[in-house]
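The values are calculated or read from the model by the stated rules, or taken from the named source; none is laboratory data. Just so it is clear, the structure is predicted and the values come from calculations on it, not from any experiment. In this analysis, Cβ positions are derived from the backbone assuming ideal geometry, glycine residues included, and neighbour counts consider all displayed protein chains.
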2 protein chains.
Amino acid sequence: MMEQHLEFGRRKVMAEDQIYQCGQVFDTLHLVSVGLFKIVNLSSDGREQSAGLHFKGDWLGFDGIPSGFHACTAVALDSGEVWSVRYDTLLQASAKEPMLMRLVLSAISAQLARNRDAALSMGTLSADARVADFLLQWAHSLAERGMRTDQINVHMSRADIGNYLGLRLESVSRALSRLSRGGLILFNEKGRRDISIPSLDALRNFIHDSADRTANNVH
Amino acid sequence: MMEQHLEFGRRKVMAEDQIYQCGQVFDTLHLVSVGLFKIVNLSSDGREQSAGLHFKGDWLGFDGIPSGFHACTAVALDSGEVWSVRYDTLLQASAKEPMLMRLVLSAISAQLARNRDAALSMGTLSADARVADFLLQWAHSLAERGMRTDQINVHMSRADIGNYLGLRLESVSRALSRLSRGGLILFNEKGRRDISIPSLDALRNFIHDSADRTANNVH
DNA sequence: CGATCTATTGAGCCTATTCAACCGTCGTGG
DNA sequence: CCACGACGGTTGAATAGGCTCAATAGATCG
């Protein structure tokens, strides 16, 4: 769809590779072709948190647009590939092809929406529900891309997940254990990073229930 | 700067007025001219959280771009005014005027950055530091717009602030009291929503210190 | 096989929440 | 006019949920 209008530079990456680093000058955007990437945000005083997870079809690099310098670091969580375009080139192409501009705006706005929902999760849910929601979103991302959702592999360590959710790694571990004990998820043989979700609806209900258990705003 | 290329519809609003509502079809964007607005995000299971605060110069409505329906509700926290443009019109104008497109992309990306930073705050800071950071960001927003930062008026209730920060209203109240006792902020006569910040640097240091007090990732 | 890294689990602590009482302001109606 | 209720804010006491520290186990790799 976009390939017809744009030249992409292709770049293969290995796990742990950085696509761009915080502080670098920004001039190019990257479209994830294969693999999984995390965006880590770090504040002036040294705190850091992964601010987003990106799959095939997602763009990387928007954080550099406002200032011209990247505000985050993009890290591959797995081997993969990205297609890169210069921002200027993309803008010129979008001026000629309205649909392209719509696509880009839609992509950024979708990231905004995901961040909002992640913040909602962090602000309103218990640790267990947050982890459950994380898995649900993951499954949703896979489903959108036509991949299987009954057997998902989280390529991240407990520490990474915790960092993303605003929890400590031990809390993530405990939450997963509790979810497992409750039958909402299943650990697969050989590797506790492979998780099955017997019923997405059950998981959704769990989040819902634990949400309005705490949300006693009624009085 | 944009007025020369676009026709804006002007709309005056009162406190509590909604600019658009969650679920409505999206077709127009709004530029804040005067006033303060909050964006409230609500999930399918009824949780809700304010997902952003918007001042003069900020855009409202991006949440409707991906799906064509608004995912949030925009509420005025004060009387104010917004300038509205149809999204289609804006896109057509941007195709002719490259600088306009850059401005819009920059505006969206800036919102992404603010959300990321808010999430970082929620994920890594204690209640006191979160409230301090909130005030600091507020002051920063005022400064960007050339307004005074030594005397800020938070138009929001403790409940609203708490909702934005992922805290209960009592926790916000306590945090403000503690900051006040520590001399980092001052409540002004007549109204505990008027707050002075004697030193922005002191506030920044407080956040920094309380951050690496908890961030004992070292071992 | 040891070294290292990741995950799990327990015990105790600490912090934000919950529940509740109380105060001050504002607006309304007897 | 003042009494009353509604509302927003503050503060206290007790609770609970997540964090810290620590020990243990499994996995991976040289």
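On the basis of being farther than 22 Å from B:G35 by Cβ and either of a type in the set (A, V, I, L, M) or within 14 Å of another protein chain (Cβ to nearest Cβ) (or both), does B:D160 make the cut? Judged against the criteria, B:D160 is not a match. Hey, any hits in segment A:129-145 for a residue that's within 16 Å of DNA strand C (Cβ to nearest atom), among the β-branched types (V, I, T), at pLDDT below 95 and crowded, with 20+ Cβ neighbours inside 10 Å? Checking segment A:129-145: not a single residue is within 16 Å of DNA strand C (Cβ to nearest atom), among the β-branched types (V, I, T), at pLDDT below 95 and crowded, with 20+ Cβ neighbours inside 10 Å.
Of all the listed residues (A:E189, A:E170), the sole one being more than 23 Å from the chain's Cα centre (by Cα) and not hydroxyl-bearing (S, T, Y) is A:E189. Do you know which of the residues in segment B:207-219 that are within 13 Å of DNA strand C (Cβ to nearest atom) and surrounded by 14 or more Cβ atoms within 10 Å (Cβ to Cβ) is modelled with the highest pLDDT? The extreme case among them is B:I207. Of all residues in segment B:90-117, those satisfying the criterion of being at the interface with another protein chain (Cβ under 7 Å from one of its Cβ atoms), among the hydrophobic types (A, V, I, L, M, F, W, C) and free of Cβ contacts under 8 Å to residues at least 40 places away in the same chain are B:L91, B:A95, B:M101, B:L105, B:A110, B:L112, B:A113.
When residues in segment A:156-206 are screened for being within 12 Å of DNA strand D (Cβ to nearest atom) and surrounded by fewer than 18 Cβ atoms within 10 Å (Cβ to Cβ), 16 of them pass. Among the residues of segment B:40-59, those identified as assigned to a loop (DSSP other than H, G, I, E, B) and either of a type in the set (D, E, K, R) or buried (at least 21 other Cβ atoms within 10 Å of the Cβ) (or both) are B:D45, B:R47, B:K56, B:D58.
Would you be able to tell me the number of residues in segment B:118-133 that are assigned to a helix (DSSP H, G or I) and more than 7 Å from chain A (Cβ to nearest Cβ)? Selection size over segment B:118-133: 8. With respect to (1) in a strand (DSSP E or B); (2) of a type in the set (D, E); (3) closer than 19 Å to B:S109 by Cβ, the lone exception for A:D63 is condition (1). Within segment B:40-64, residues that are within 16 Å of A:A129 (Cβ to Cβ) and free of Cβ contacts under 8 Å to residues at least 40 places away in the same chain reach no partner that is surrounded by 17 or more Cβ atoms within 10 Å (Cβ to Cβ) and of a type in the set (K, R) with beta carbons closer than 7 Å at six or more positions or on different chains. Checking each residue of segment A:200-218 against the condition of being among the β-branched types (V, I, T), assigned to a loop (DSSP other than H, G, I, E, B), over 30 Å from A:E16 (Cα atoms) and over 17 Å from the mean Cα position of the chain (by Cα) gives at least one match. Filtered by the rule that a residue be facing another protein chain (nearest Cβ under 10 Å) and crowded, with 16+ Cβ neighbours inside 10 Å, segment A:60-89 gives A:G61, A:F62, A:D63, A:G64, A:I65, A:P66, A:A71, A:C72, A:Y87.
The residue that is farthest from DNA strand C (Cβ to nearest atom), among those in segment B:162-180 that are farther than 17 Å from B:A119 by Cα and out of contact with any Gly (no Cβ under 9 Å at 6 or more places or on another chain), is B:S180.
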